[in-house]
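Student: One structure coming up, written as structure tokens, with questions to follow.
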Amino acid sequence: MEPTAIIAAVMAVVNTSCLIVHLFQRQMLRNRARRLRQCDEDIDSEMGTDLSQSTGPRTLDFMVAMGHVDAVEQRFWARETSMDWWDRIVLQVWDESQWLRNFRMRKGTFLELCELLSPALKRQDTQMRAALTIQKQVAIALWKLATPDSSRSVANQFGVGKSTVGVAVMQVANAIVELLLSKVVTLGNMQVIIDGFAAMGFPNCGGAIDGTHIPILGPGHQGSQYINRKGYFSMVLQALVDHKGRFTNINVRWPGKVHDTHLFRNSGLFRRLQEGIYFPEHKITVGDVEMPIVILGDPAYLLMPWLMKPYTGALDSEKELFNYRLSKCRMVVECAFGCLKGRWRSLLTRSDVSETNIHIVIAACCVLHNLCDRKGETFMAGWEVEANRLAADYAQPDTRAIRRVQRDALRIWEALK
């Protein structure tokens, strides 16, 4: 072959190689730019920025045009550092106040909770990826329950995928309900409860009952059943609490259209109270009337021998005093709901959990409420302010009073007055 032909062939190969390298570099640059745009859009969406209103070129466009590859590399890998945020910052650096503000409990309580849930949360590593640790699963779930943040925002915070957040929340919630509900949401020492309510002014009382509406996404099936009288989709949580505001009995899964009294009449709690098997036998004599252990409700509930409610209509001084003492004791259930939602703020807005799973999340939050109270976890003042702001969009429906009374219940009512 002639030398000129050899040189021409070599130059052709070199030119082709340069072209391939150039095209490969351009493709890599486009891929990196696309990833960066996605990160920017994610961040902007979390901050509420409307990118459709932007009229000028973005910083990223200038960076690509000028060939500043290093800057793109640095921004692209920035998210990877969030994977270390949990291990290197939260677990090792955060103090107790930071744990309380963000996870609603101190680190010691958090670690105890992880230990309690470990039998249900242990995962095996696979060849494709390492399983999330129990602590990180619980941390993701608590963060999601404690904030009204989206799953994408929580995912960015912990350096995981959006779907991983949803899976972690449900796995942890299921573990809490499976392992802890029957142990934590239960009657304690009955005499202590009775003495606690007596100190507040009402004798032989075993608890206060009420219902609250939890906003949910619009269900795809029988959606109209979930629209409450305030016009939004909800699920009703019925709860009985003791004198400290701890949940002793809960009932979830009823749709928002159902009235509190209908829910109560069809609950297991009503049946056991009616049969006299929920509380231990403990009667006192008021005047000449025998009075069993009673619970306290608002005017919407039926007056029963074991359920006392306020007088309505024209009130004399005796009725006003009766109502005052009953209301003072019944406020513990309203305060319990306030603390529940203030600590676990995801219950204040429409969660992105489906209606088929939201009852598990609500029940898990009730368990966590009791655990935090038992451990003496502080309820920070600012949480109530934030809760009131979020709750303003989802006002609680009013309940209509039903005035049917039983004769035996009326005699206890009058004797107590």
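Student: Scan the range 254-273 and give yes if some residue there is loosely packed, with under 15 Cβ neighbours inside 10 Å and touching a Phe, Trp or Tyr at 6+ places or on another chain (Cβ under 8 Å), otherwise no.
Tutor: Among the residues of the range 254-273, at least one is loosely packed, with under 15 Cβ neighbours inside 10 Å and touching a Phe, Trp or Tyr at 6+ places or on another chain (Cβ under 8 Å), which makes the answer yes.
Student: Sticking with this one: Quick one: would you say residue 164 is of a type in the set (Ser, Thr, Tyr) and either surrounded by 19 or more Cβ atoms within 10 Å (Cβ to Cβ) or free of Cβ contacts under 8 Å to residues at least 40 places away in the same chain (or both)?
Tutor: yes
Student: How many of the residues making up the range 297-320 are touching a residue at least 24 places away in the same chain (Cβ under 8 Å) and part of a helix (DSSP H, G or I)?
Tutor: Final tally of qualifying residues: 2.
Student: I need a count of the residues in the range 243-268 that are in contact (Cβ under 8 Å) with a residue 60 or more places away in the chain and closer than 22 Å to residue 396 by Cβ.
Tutor: Summing the residues that are in contact (Cβ under 8 Å) with a residue 60 or more places away in the chain and closer than 22 Å to residue 396 by Cβ in the range 243-268 gives 12.
Student: Taking the range 275-296 as the search range and keeping residues that are in a strand (DSSP E or B) and either of a type in the set (Lys, Arg) or within 36 Å of the chain's Cα centre (by Cα) (or both), which one is surrounded by the fewest Cβ atoms within 10 Å (Cβ to Cβ)?
Tutor: Restricting to residues being in a strand (DSSP E or B) and either of a type in the set (Lys, Arg) or within 36 Å of the chain's Cα centre (by Cα) (or both), the top hit is 294.
Student: Report the residue count in the range 185-209 for those that are of a type in the set (Asp, Glu) and open to solvent by less than 10 Å² (accessible area, probe 1.4 Å).
Tutor: The total comes to 0.
Student: Let me ask something additional. Of the numbered conditions (1) open to solvent by less than 20 Å² (accessible area, probe 1.4 Å); (2) at pLDDT below 95, residue 103 fails exactly one; give the number of that condition.
Tutor: It fails just one condition, (2).
Student: As an exercise: evaluate residue 217 against (1) hydrophobic (A, V, I, L, M, F, W, C); (2) modelled with pLDDT of 95 or more; (3) under 30 Å from residue 389 (Cβ atoms); (4) open to solvent by 10 Å² or more (accessible area, probe 1.4 Å) and give the number of the one condition it does not meet.
Tutor: Just one mismatch for residue 217, condition (2).
Student: Separate question: If residue 97 passes every condition in (1) in contact with a Phe, Trp or Tyr (Cβ under 8 Å, 6 or more places away or on another chain); (2) open to solvent by 10 Å² or more (accessible area, probe 1.4 Å); (3) within 15 Å of residue 377 (Cβ to Cβ) but one, which one does it miss?
Tutor: (1)
Student: Another question, then. So, residue 242, is that one of a type in the set (D, E, K, R), out of contact with any strand residue (DSSP E or B) (no Cβ under 6 Å at 6 or more places or on another chain) and crowded, with 19+ Cβ neighbours inside 10 Å or not?
Tutor: Considered against the rule, which asks whether it is of a type in the set (D, E, K, R), out of contact with any strand residue (DSSP E or B) (no Cβ under 6 Å at 6 or more places or on another chain) and crowded, with 19+ Cβ neighbours inside 10 Å, residue 242 comes out as no.
Student: A further question follows. Identify, by number, the condition in (1) buried (at least 22 other Cβ atoms within 10 Å of the Cβ); (2) of a type outside the set (Ser, Thr, Tyr); (3) within 27 Å of residue 191 (Cβ to Cβ) that residue 251 doesn't meet.
Tutor: The one condition residue 251 does not meet is (1).
Student: Do we find that residue 212 is buried (at least 18 other Cβ atoms within 10 Å of the Cβ) and in contact with a Leu (Cβ under 6 Å, 6 or more places away or on another chain) in this structure?
Tutor: Against the criterion (buried (at least 18 other Cβ atoms within 10 Å of the Cβ) and in contact with a Leu (Cβ under 6 Å, 6 or more places away or on another chain)), residue 212 qualifies.
Student: Is it the case, given these coordinates, that residue 337 is over 19 Å from residue 233 (Cα atoms), open to solvent by less than 50 Å² (accessible area, probe 1.4 Å) and assigned to a helix (DSSP H, G or I)?
Tutor: no
Student: Residues to consider are 181, 132; find the one that is open to solvent by 10 Å² or more (accessible area, probe 1.4 Å) and not in a loop (DSSP other than H, G, I, E, B).
Tutor: Just a single option satisfies the conditions, and that option is 181.
Student: How do the pairs read when you match residues in the range 87-99 that are aromatic (Phe, Trp, Tyr) with residues anywhere that are open to solvent by less than 90 Å² (accessible area, probe 1.4 Å) and assigned to a helix (DSSP H, G or I), using Cβ under 7 Å and keeping only pairs 6 or more apart or on different chains?
Tutor: Correct list of pairs: 99/107; 99/110.
Student: What residue, among those in the range 347-396 that are charged (D, E, K, R) and in a helix (DSSP H, G or I), is surrounded by the fewest Cβ atoms within 10 Å (Cβ to Cβ)?
Tutor: Ranking the qualifying residues of the range 347-396, first place goes to 389.
The values are calculated or read from the model by the stated rules, or taken from the named source; none is laboratory data. As the structure is a prediction and not an experimental result, all values here were calculated from the model. Note: ideal-geometry Cβ built from the backbone for every residue, glycine included; neighbour counts use all protein chains shown. Note: areas computed on protein heavy atoms with side chains; ligands, DNA, RNA excluded. Shrake-Rupley method; radii C 1.70, N 1.55, O 1.52, S 1.80 Å.
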